[in-house]
1. What number goes with the only condition from (1) surrounded by fewer than 20 Cβ atoms within 10 Å (Cβ to Cβ); (2) in contact with a helix residue (DSSP H, G or I) (Cβ under 9 Å, 6 or more places away or on another chain) that Val509 does not pass?
2. Residues of the range 391-443 being among the polar types (S, T, N, Q), under 22 Å from Met171 (Cα atoms) and outside any loop (DSSP other than H, G, I, E, B), which ones?
3. Looking at the range 155-170, which of its residues are more than 16 Å from the ligand (Cβ to nearest atom), buried (at least 24 other Cβ atoms within 10 Å of the Cβ) and farther than 21 Å from Lys673 by Cβ?
4. Which residue is farthest from the ligand (Cβ to nearest atom), if the candidates are limited to the range 69-109 and must be part of a strand (DSSP E or B) and among the small types (Gly, Ala, Ser)?
5. Looking at Ser290, Ser377, which is the one that is polar (S, T, N, Q) and within 21 Å of Ser80 (Cα to Cα)?
6. Being more than 32 Å from the chain's Cα centre (by Cα) and touching a residue at least 60 places away in the same chain (Cβ under 8 Å), is that true of even one residue in the range 46-53?
7. Suppose we keep only residues that are among the β-branched types (Val, Ile, Thr) and within 24 Å of Tyr180 (Cα to Cα) within the range 544-596. Which one would you say is surrounded by the most Cβ atoms within 10 Å (Cβ to Cβ)?
8. Looking only at the range 171-219, count how many residues are away from the ligand (no atom under 16 Å from the Cβ), within 14 Å of the chain's Cα centre (by Cα) and assigned to a loop (DSSP other than H, G, I, E, B).
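All of the numbers you see were taken from the coordinates with simple rules; none came from a lab. Values in this document were obtained by computation on a predicted structure and should not be read as measured data. Neighbour counts are summed over all protein chains in view; Cβ atoms, including those assigned to glycine, are modelled from backbone coordinates with ideal geometry.
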Amino acid sequence: MNKRKLLFNALGSVMLLASCGGNVTSENREMDRFVSELMGKMTIEEKIGQLCQCSGGFATGPNNTKIDRTEDISKGLLGSMLNVSGAANTRKYQEAAMKSRLQIPLIFGLDVIHGFRTGFPLPLAEAASFDLDAIERSARCSAREAAAAGLHWTFAPMVDIGWDARWGRVMEGAGEDPYYGAKVAKARVHGLQGDDLSDESTIMACIKHFAGYGAPIAGKDYNSVDMSMGHFANFYMPPYKAGAEAGAATFMSAFNDFNNEPCTGSEFLLRDLLKDKWGFKGFVVSDWGSVSEMINHRYAADEKEAALKGITAGLDMEMVSECYSKNLKALVEEGKVDEKLVDDAVRRILEQKYKLGLFEDPFKYCNEEREKSVIGSKQSREDACYVAERSIVLLKNDKNILPLSKDVKRISLVGALAKSQKDMCGAWSCADVSKVVTLYDAMCERGYNVDYVEGYNLENNKIVDLNRTLSSARNSDVVIVAMGERAWQSGEMRSKGDISIAEEQQKLVSELVKTGKPVVVLMMCGRPVIFNEVRKNAPAILCTWWLSSEAGNAICNVLWGDYNPSGKLPMTFPQHNGQIPLNYQYKSTGRPTANGEWCAKYIDIPTEPAYPFGYGLSYTTFEYSDLKVNDSVNGDVYANVSVNVKNTGKYKGEEVVQLYVRDEVASVTRPIKELKGFEKISLEPGESKTVTFDITDEQLGFYNNNMDYVVEKGDFTFMVGTNSKNVQSIKYTLK
Ligand code: GLC
C-alpha cells in the first residue's frame with residue numbers, strides 16, 4: 001500500500017467523510033467518537049475477532065465443519081454469524097456476545113435473495129417487471145420479514161451482469177443490461193436499507209459478487225473471468241457502482257479471479273476502485289471461503305499469505321475460513337501487516353453495527369412477538385402476488401387464446417410443476433414451502449374443474465401415459481401445460497452446457513396441440529431456455545419463471561385477465577446453445593452480421609435470438625407514433641426524445657417504453673445499441689400518452705480505455721420501441 005492510503009486510513013472516518021464531501025454531521029461525529037473510543041480499548045485479538053464470521057447453520061459452500069463457536073463469541077473473538085435466523089436463535093448467540101469484555105454485538109447475515117418466509121419471484125423474474133417500484137416493494141418486504149427474524153444483513157442484491165444463460169446464477173440477478181441493472185441495484189438497496197438502518201424493519205444490503213462473477217468463461221460457475229478494463233467498465237461495472245452510490249452497507253468479494261488476481265485479494269477492486277475512487281464507507285465480506293481459496297487459485301502459498309493478501313487488498317471480514325483468526329496477529333507482530341489496516345477494517349464493521357443501533361440495544365431485532373405478526377402477514381402475501389403478476393412475460397398469444405374466458409370450466413392441467421410447491425420457490429429460497437400456492441391449488445380454489453395429469457417425467461424426461469393425457473385434453477375446454485426445468489437446475493453450481501427443454505416435453509406439447517384444443521404453455525425456469533418446437537407449435541406461451549409463494553394466484557390472475565401481463569425479458573433467449581453468450585448490445589465488428597456473406601455469423605445455426613432483450617407482449621396492442629427529438633433543452637439536458645404511445649386494443653394494459661442509443665462513431669468501438677431509458681406506462685383502451693426521455697451524459701457517455709467516463713460530440717441514433725428489436729429511429733447530433 002502506498003503512503004497515501006496509509007495516511008487516508010490513519011485518519012479514520014472523519015477524513016473519509018470529509019474527503020467524500022460527505023457531510024460530517026453531528027451523528028457521524030458522535031459515531032466516530034464512539035467507535036474511536038471503543039477501538040481504543042480493544043486488544044488485537046478482539047479487533048481480529050470483529051473481522052471473522054462463522055456459519056451457524058446449513059452450509060452454503062464447501063468445507064463447512066459446523067462447530068459451536070459460542071465460547072469464542074463470549075470472548076469477543078467473533079464479529080458475525082451467517083445462516084442463523086429466528087428471533088430466539090439469534091438472541092441466544094447475542095446473549096453470549098454480551099458476556100464478552102466489551103459487549104460488542106454480533107451481526108447476523110443470511111441470503112435473503114428473493115423474499116424471506118414469504119417468497120418473491122426470482123430476482124431475474126422480478127427484473128422482467130421493469131417496475132422499479134415493485135422491485136423495491138419486494139426488497140422492502142424481504143427486509144421487514146428478515147429483520148423480524150433477528151437478521152441484520154442480507155447477502156443481496158446480487159448485481160452481476162449475465163450474458164451467458166448457461167451460468168446457473170443468472171436467476172439471481174437483473175439480466176444482461178448494465179443500465180437497467182444499475183437502476184435495479186439502487187431500488188433493491190433502498191428497499192432493503194430504507195433511509196435509516198437503525199429502523200428495525202431494515203437490514204444491511206450486500207452488493208455482490210464484486211466483481212465480474214457473471215462472466216465466467218464458458219458459463220461455468222466459479223471459472224476464470226477475463227475481460228478488458230474497458231469492457232468491464234461499460235458492461236459489468238455500472239451495477240456495482242450504483243450499489244455503492246445507493247449507500248449499500250456492504251460488498252461481497254467474488255470467488256473468481258479478475259484481471260489475473262482473485263477478487264478477494266484484488267487491491268485494485270477493493271481499495272483503489274471501491275473504497276478510494278467510489279468513496280465506499282461500508283465493509284467488504286469475502287464470499288464463503290474465498291480468502292482461503294486464494295490458495296486454490298495458487299495466488300497464496302498458505303493461509304498466512306492468504307490473510308496477508310486479503311487484509312492488504314481491503315477485504316474486511318472473512319466468511320467461514322479462518323485465515324485471519326489464525327494468522328493476522330502474527331502478521332501484525334512481525335510487522336508484515338500494519339495494524340492500521342486492521343483498524344480500518346474494524347472501524348468499518350463497528351460503524352455499521354453502530355448504524356444498526358445494536359450498541360444501544362443488541363436485542364432490538366430479537367422480538368418474537370414481532371416475528372409472529374410480521375412473517376407471512378396479509379401484507380406480505382399481497383406484495384408477493386403484486387410483484388409475481390408483473391414478473392410474468394407473455395411470449396405468444398396466437399388467436400388471442402388468452403385471456404381465458406371466465407366461462408372456461410374444464411381444465412386439463414398437465415405437468416408435475418403445476419403441483420410442486422418446492423419448485424415454485426426457485427433457488428436461494430427462504431420461503432416457507434408449506435405455504436406456497438401452486439397453480440393446481442389456485443385453480444381449485446377458484447372453483448375450476450381441474451383434471452390434473454403428470455404428462456411427463458421431469459427426471460427421465462419421458463412422456464407418461466400419453467393416452468391418458470390426450471384424453472384429458474380432449475375432454476377439456478383448455479389445456480394448460482406447466483413445463484420447463486426443475487428449480488434445482490438453476491442457481492449456484494448449476495451451470496448447464498445445454499439449456500434446451502427436453503425434446504419429450506416439447507413433443508408432448510405438439511401432441512396436445514394436435515387435439516385441436518386451445519393449449520397454453522407456462523414456461524417455468526430460472527434462466528433463458530431453448531424450446532423451439534414449442535415456440536413454433538404452441539398457440540400461447542407465458543414465461544412464468546419461479547414466482548414462489550403466490551405463484552398459483554399470480555398465474556391464474558394473468559390467465560384469466562385479472563392482470564394483463566406486462567413483463568419484458570431482461571435477458572435474451574437464444575435459439576441454439578451455440579449462440580451463447582448472446583446479448584443485444586453486440587458490436588458492429590468490421591463485418592456486421594447484416595452484411596451478407598463475409599460477416600459475423602454461423603454456417604450451421606441462426607444468429608438471431610428466439611426472443612430479444614426487452615421482448616414481451618400484452619393482451620392489448622400499442623402503437624408508437626410521432627417520434628421527435630427536441631434539441632438544446634437546458635443545463636445538463638442536451639435534448640429530449642418524445643414518442644406517442646396509444647393503446648389500440650380492447651384491454652387496459654401496461655407498456656414498457658424503451659429508449660436505446662447508438663453512438664455512431666466513437667473513440668472506442670461501441671455496441672449497436674444500448675438501453676438508456678425506459679418508462680412503464682398504463683393505458684386504458686384508446687388512451688394515448690406522450691413519453692419523453694431526457695438526453696444527458698448518462699444517455700450519451702461511455703467509459704474509455706482509461707476508465708474515464710466521456711461524452712463525445714458527433715452523431716447518435718435514438719431508438720424507441722417495445723423491445724430491443726422493434727424500434728423506431730431518429731438521428732441526433734451533439735454539437
Ligand atoms: C455462497 C454464494 C454467495 C452467498 C454466500 C453465503 O457460496 O456464492 O452468494 O452469499 O455463499 O451463503
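1. Every condition holds for Val509 apart from (1).
2. Ser391, Gln421
3. Selection gives nothing.
4. In this case the residue turns out to be Ser80.
5. Checking each option against the conditions leaves just Ser290.
6. Looking through the range 46-53, at least one residue is more than 32 Å from the chain's Cα centre (by Cα) and touching a residue at least 60 places away in the same chain (Cβ under 8 Å).
7. My answer is Thr544.
8. 3
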